[in-house]
Amino acid sequence: MSVLPKTRDEWIALPLFPFKAWVLVAFPFYLFVRSYAVAQHVRYGTGALAEVVMGGYMLSVIVLLMGALIQSIVCTRGAATRTALYASASIILVFGVYRF
């Protein structure tokens, strides 16, 4: 078992990991905190958290799309597609959940 990446493709994908994890983890965490706040009858407890979560999603879109562009140029086939799918999931969550 190796902790550090070995190939060039893995090294390029390593800085994108926190943004991919944000796409998967942030919204369920927000829902958990929101349900806890509602259960405790806190009226405006999650407004600031929602802004941070959506701001993180917007930042993730930019970083993941730039990472997909770099991966499409440098890496082997398929790496850029996976990264672009994470970016598209983030776009769907931003426009599906956030009320402008």
Residues Arg77 and Ala50, FRET efficiency given R0 of 30 Å [Cβ-Cβ distance, rounded to 0.05]: 0.20
task: Please identify every one of the trypsin sites (Lys or Arg not before Pro) in region 26-98 that sits in a loop by DSSP and has no more than 13 other beta carbons within 10 Å of its own beta carbon.
output: Arg43, Arg77
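Counting only helical runs of four or more DSSP H residues, what would the 222 nm mean residue ellipticity of the chain come to if each run contributes -39,500 (n - 2.57) and the total is spread over all its residues?
It comes out at -26000 deg cm²/dmol, rounded to the nearest 500.
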- request: Please tell me the relative contact order of the chain in percent, rounded to the nearest whole number, where contacts are Cα pairs under 8 Å and at least six residues apart.
  value: 32
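Could you tell me which chymotrypsin sites (Phe, Trp or Tyr not before Pro) in region 1-64 are loop residues by DSSP with no more than 14 other beta carbons within 10 angstrom of their beta carbon? Before the final figure, lay out the partial values.
On the way: sites: Trp11, Phe19, Trp22, Phe29, Tyr30, Phe32, Tyr36, Tyr44, Tyr57; in loops: Tyr44.
Listed in order of number, the matching sites are Tyr44.
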- prompt: How large is ³J(HN,Hα) for each residue in region 19-27, as worked out from phi by the Karplus curve 6.51 cos²θ - 1.76 cosθ + 1.60 (θ = phi - 60°), to whole Hz, x for Gly and Pro?
  reply: 6, 5, 5, 4, 4, 7, 9, 5, 5
- request: Could you check the simple spin-label distance between Val97 and Val25, using points 7 Å along Cα→Cβ, in nm with one decimal?
  value: 1.5
message: Output wanted: per-residue J couplings in Hz (rounded whole) for region 45-56, from phi through Karplus 6.51 cos²θ - 1.76 cosθ + 1.60, θ = phi - 60°, x for Gly and Pro.
response: x, 10, x, 5, 5, 5, 5, 5, 5, 5, x, x
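Return one quarter of the surface area of the convex hull spanned by the alpha-carbon atoms of the chain, equal to its mean projected area, in nm².
Numbers: hull surface 31.5 nm².
Average of the hull's projected areas for the chain equals 7.9 nm².
Bear in mind these aren't lab numbers, they're just calculated from the coordinates by the rules spelled out. In this text, all values refer to a predicted model and were calculated from it rather than measured experimentally. Positions of Cβ are generated from backbone atoms using ideal geometry, with glycine treated the same way; all protein chains shown enter the neighbour counts.
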